[in-house]
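Just below is one structure, and these are the notes that go with it.
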Amino acid sequence: MRRAGSWTAAPRRYAGLCKAGLSLSAAASALAAFLARSPRLTWEPALPWAGVFLLACGACALNQYQDRGLDAAMERTRDRPLPARLIPPASALSLSLLLLGAGFCLLAAGGRLVLLLAAAAVAWYNGVYAFLKRISPYAAVPGAVAGALPLAIGWVWAGGGPAQAGLWVLCGFFFIWQIPHFWLIVLDHGREFTRAGLPSLSDVFTDTQIRRLVSQWVLGTAAFSLLLSLGGLIRTPPARAVLVAMSLWLGVAAVRFGAGNPRSGAVLFREMNVFMLAVVVLLCLDGVAATLLR
């Protein structure tokens with residue numbers, strides 16, 4: 001085991017184990033779905049946010065436990081806490097189960113359907129996707145279902161039904177966004193996946209073909225985001241204008257990338273992250289604004 005260089009080392013290790021940034025994003029998407037369905041200026045939306053955050057932390061920690069051997073074989077991931085031997089595997093497994101248990105306990109307050117959706121998210125991410133990515137270069141497509149389920153949790157907690165069009169638009173948008181987001185990682189690190197024994201798009205397509213494929217999916221993401229306004233999830237005129245501007249910005253970035261612009265995949269990757277964060281913030285602020293303007 002490596003020793004900590006400072007008193008902040010241990011928190012950083014465990015934040016890395018739980019992929020704190022990704023977990024916060026999942027929690028923010030649940031909050032955005034809650035406010036899009038039923039804007040409430042109360043403490044209640046904090047419950048699904050906290051529950052999804054704990055659940056995502058646990059699922060990410062469990063996934064790193066599952067993938068510790070693969071992570072050690074790739075340069076991109078070999079510095080993660082488990083392959084770098086910063087955290088014992090047994091401790092990582094115990095923490096993941098503790099976080100999952102805490103997340104389930106908190107989400108149980110949202111009702112039986114919320115709890116069922118939470119269980120489905122964990123089963124899909126740590127079970128179905130964890131298996132598929134070992135046998136198929138296209139695992140990111142079905143795997144994206146797990147990233148869309150936190151929105152369903154927030155939506156249902158707020159009183160929405162699973163068959164409502166607004167929920168399907170939200171989940172569809174987040175589903176589509178995740179696929180080119182992951183394939184941009186493949187574009188830069190596909191050979192590492194292959195060397196580690198994982199199937200990769202780089203085994204099927206050339207880099208130029210992957211760039212074009214990513215460009216088309218990013219364009220689809222930008223276009224699909226406009227349905228958030230048409231579906232009534234973005235209500236106020238200023239928010240709609242901002243959404244259109246952001247969609248045009250991402251669409252232009254996608255076209256330039258697909259046309260062979262020398263911008264790296266890492267640049268478009270960051271732009272997609274900024275776009276998603278901006279959409280989540282817009283959904284939350286617009287929901288609150290719509291409530292205040294009633």
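Using only Cα atoms, locate the centre of the stretch 103-173 and the centre of the stretch 62-93, then give the distance between them in Å, rounded to an integer.
25 Å
If N is the number of residues in the stretch 54-149, what value comes out of its Cα radius of gyration divided by 2.2 N^0.38 Å?
In units of the 2.2 N^0.38 Å rule of thumb, it is 1.14.
At 15 angstrom or more along the helix axis (alpha-carbon based) and mean Kyte-Doolittle of 0.0 or higher, what helices does the chain contain? Whole DSSP H runs only.
Membrane-span-like by this rule: 20-37, 46-66, 89-107, 112-123, 140-157, 165-195, 207-225, 237-258, 265-292.
Just to check I understand the Karplus step: with θ = phi - 60° and J = 6.51 cos²θ - 1.76 cosθ + 1.60, what whole-Hz values come out for the stretch 69-81, glycine and proline as x?
Coupling constants for the stretch 69-81: x, 5, 4, 5, 8, 10, 4, 5, 10, 5, 8, 5, x Hz.
Normalized C-alpha radius of gyration of the stretch 155-294, against 2.2 N^0.38 Å?
Compactness ratio reported: 1.19.
Determine, at each q value in 0.19, 0.23 (inverse angstroms), the log₁₀ of I(q)/I(0) that the Debye formula gives when each Cα of the stretch 1-101 is one equal point scatterer.
Those come out to -0.88, -1.12, one per q.
Where the eigenvalues come from the Cα gyration tensor of the stretch 9-292, what are the semi-axes √(5λ) of the equivalent ellipsoid, largest first, in whole Å?
29, 26, 15
Throughout, read-outs are computed from the coordinates displayed, never taken from laboratory work. Keep in mind the model is a prediction, meaning the values are calculated, not measured.
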